[in-house]
Amino acid sequence: MIDADLADGVPRKLRVETSTGMAVEGSPVDFIAYPNSMREPWLTAEGRRRTRSADMALDRILENSVPLHAYAEHYPKLTAAPVAAKQRKSFGENGQFWKIPKSDWTLVSNVAVSPRKDIAPLLRGVAGDLAYFDLGVRKGDDVFPLLFPAFDLERLLEQGYAALCFAARSSLVQEALSKNPRSPFEMFLTLIGDVAQSDRLRTKILHIPHPGGLLDEDQLGDTSGLHEPVLRDHLATLAPGATLTSRTDRVFPAVQVKRPNTDQAVSVIIPARAEGAMLYECIDSLITSNPDCDLDILVVDNGSQEQETAGIFADLEHRGVRLLEYDDGFSFSQINNLAVEHARHEQLCLLNNDVRFPQEGVLSELCSRLADPSVGAVGPLMVRASDIIQHGGVVLGPSNGATHACEDRMRGDVGYGEMLCVARQCSAVTGAMMLTRKSLFQSLGGFEETLFAVNFNDVDYCLRLQSSGYRVVFTPHCYVQHFESVSRGRELASPTGNRMLREVHNLRLRWRDVIMNDPFTHPLLSTDTMPYRALCSRHRAPGPRTSEIKPSADLPSWI
């Protein structure tokens, strides 16, 4: 029985005990109670803002999510009169600029965008020369958010997202205009200079997580002009031999950039236990769908006992597959670290045995991404047998941990902001299939064996890559099928769930800051729903941000 005085609409922690005073597993729990109904107590609770957003609050405890179309509630002046057209000057085919009064900044945007008059305060005190904004998209009487990540070079090249609305120091804009840019995208590329200097770009290009302007939904398609010819000219000197494949059936630009790559040698590491038929199918489809690759396949047998599996191992060895033994229980981190020492090639593909390759050329696409020396790891789109997406990159924040993006969508879905149409950076990609470099993997100490023996070792590795200056890229331009945890089962449904909880806590301790504000998602997106479904009722991190990632704490091994 709960004390009636606690039914006041205020979130609390509740400790749940047995009759002997022992805490029940999972305690404490989040607890909230109301005297009669949720609506009125929620709206009238002390300290609660009386806004339309609060009125639309969904039944959530932590973030109090609100629908995407509540965006204008955060920016009540967004739909007010924009900067007058006569104050804006045009350039190129689809560009415009506006000198922001009482500042040394100039706003540059696509002509479809109506800039905000009250944008100057967002740039006050900004330490940098270039910053880009989100956009509000008007559909009928509602305004929906077009929210962007911190600077993402891969997505910029393929989609040009940051060039829709950005601000730069006025002197730099004038210098760029003297080169007669054809579009805001070309001006943006001119301003950032050599895109190979990714470490400099990571810290110098700022994302202002607020709208820079407003446009109508039917004008979105007008923003994609000239993207491919501008990009082709830009890459001609920076990445000679790069090929472009363009999609014209998308609202935004959707260009696949394939960098020249002469290294098709890949060592593939596959941990396995039993499930011999599934392993054979995995390797057979890997070989047949990647005919141009020089494959060095290592299977690490984690204590298989079945006679049938032994026979399949023998068949695989006849096909050139190498077999390693590991009998010290199940530690995904140790298994992979052991196998990497035996890899013959510099390019490493870490692969689960429950993956199948229905599409040709997956490794070729991944290798072309890794050909950029600033890229440290790459992962593909992964789908279940039902064609529901299982992995679209990793998002940090939901449930104060890590989750896969786009698991609520089907293969072929364009995704929020058409993010499933172009390659993009993310905080991590799954170790179920990840391409990285042997030298890089070993220099960083491989997977962390003590803190993340089974779970989140891939997330931790990717975050360590980025804190060392490398980029992590997800590409939807290739896909594999993943049958997820067939060999070892589900963690939470077994006693080993306690181990998973410990590793979640370790992730939160080591990477607290990035979990609270993943640079490759948006701090206005809710973290108590699936990614990209709803907004927070309050902005989590309203200041300018970069894509730089640093660890929150260097945990001791005995923690």
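The values are calculated or read from the model by the stated rules, or taken from the named source; none is laboratory data. A quick note: this is a predicted structure, and the numbers were derived from the prediction, not measured. Ideal geometry is used to build each Cβ from the backbone, glycine not excepted, and the neighbour counts take in all protein chains shown.
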Q.
Show me the strands (runs of 3 or more DSSP E) entirely contained within region 328-427 in which 3 or more residues are within 22 Å of Leu153 (Cα to Cα), outside the structural domain of Glu449 (by TED's automatic domain parsing) and not aromatic (Phe, Trp, Tyr).
A. none
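Tally time: how many residues in region 355-389 are over 22 Å from Lys258 (Cα atoms) and buried (at least 21 other Cβ atoms within 10 Å of the Cβ)? Outline the logic, then answer.
We begin by selecting, within region 355-389, every residue over 22 Å from Lys258 (Cα atoms); these are 355-356, 383-389.
Now drop any that are not buried (at least 21 other Cβ atoms within 10 Å of the Cβ), which leaves 355, 383, 389.
Going through region 355-389 one residue at a time, the tally reaches 3.
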Q. How many residues are under 12 Å from the mean Cα position of the chain (by Cα) and not aliphatic (A, V, I, L, M) if we restrict to region 417-433?
A. 5
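Sort through Arg464, Arg512 and tell me the only one that's modelled with pLDDT under 95, within 17 Å of the chain's Cα centre (by Cα), over 24 Å from Val355 (Cα atoms) and in the same structural domain as Gln425 (by TED's automatic domain parsing).
Arg512
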Q: Report, by residue number, each residue of region 180-217 that is part of a loop (DSSP other than H, G, I, E, B) and modelled with pLDDT of 95 or more.
A: Asn180, Pro181, Arg182, Ser183
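Do you know which residues across region 231-258 are farther than 23 Å from Val375 by Cα and in the same structural domain as Ala112 (by TED's automatic domain parsing)? Working first, answer last.
First, the residues of region 231-258 that are farther than 23 Å from Val375 by Cα: 247-252.
Correct list: empty.
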Q. Tell me, which residue of region 274-290 that is more than 20 Å from Gln307 (Cβ to Cβ) and among the hydroxyl-bearing types (Ser, Thr, Tyr) is farthest from the chain's Cα centre (by Cα)?
A. Thr288
(Q) Given the criterion within 30 Å of Asp518 (Cα to Cα) and not hydroxyl-bearing (Ser, Thr, Tyr), identify the matching residue among Leu338, Leu316, Leu324, Leu366. (A) Leu366
Q) Trp98 is checked against (1) under 23 Å from His207 (Cβ atoms); (2) of a type in the set (Phe, Trp, Tyr); (3) in contact (Cβ under 8 Å) with a residue 40 or more places away in the chain and fails just one. What number does that condition carry? A) (3)
Q: Among residues belonging to region 276-293 that are touching a Leu at 6+ places or on another chain (Cβ under 9 Å) and part of a loop (DSSP other than H, G, I, E, B), point out the one that is modelled with the lowest pLDDT.
A: Asp292
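Quick grid of which residues meet (1) among the polar types (S, T, N, Q); (2) part of a helix (DSSP H, G or I); (3) in contact (Cβ under 8 Å) with a residue 40 or more places away in the chain; (4) touching a Leu at 6+ places or on another chain (Cβ under 9 Å):
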position	(1), (2), (3), (4)
Arg250	no, no, yes, no
Asn261	yes, no, yes, yes
Ser267	yes, no, yes, yes
Ile270	no, no, yes, yes
Ala274	no, no, yes, no
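Could you please let me know if His522 is closer than 22 Å to Ala405 by Cβ, modelled with pLDDT of 90 or more, more than 18 Å from the chain's Cα centre (by Cα) and in a loop (DSSP other than H, G, I, E, B)? Explain how you work it out, then say what you get.
On the way: closer than 22 Å to Ala405 by Cβ: yes; modelled with pLDDT of 90 or more: yes; more than 18 Å from the chain's Cα centre (by Cα): no; in a loop (DSSP other than H, G, I, E, B): yes.
Answer is no for this residue.
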**Q.** Wholly within region 67-164, helices (runs of 4 or more DSSP H) carrying at least 3 residues that are surrounded by 16 or more Cβ atoms within 10 Å (Cβ to Cβ), of a type outside the set (Lys, Arg) and not assigned by TED's automatic domain parsing to the domain that holds Ala371
**A.** 71-74, 153-159
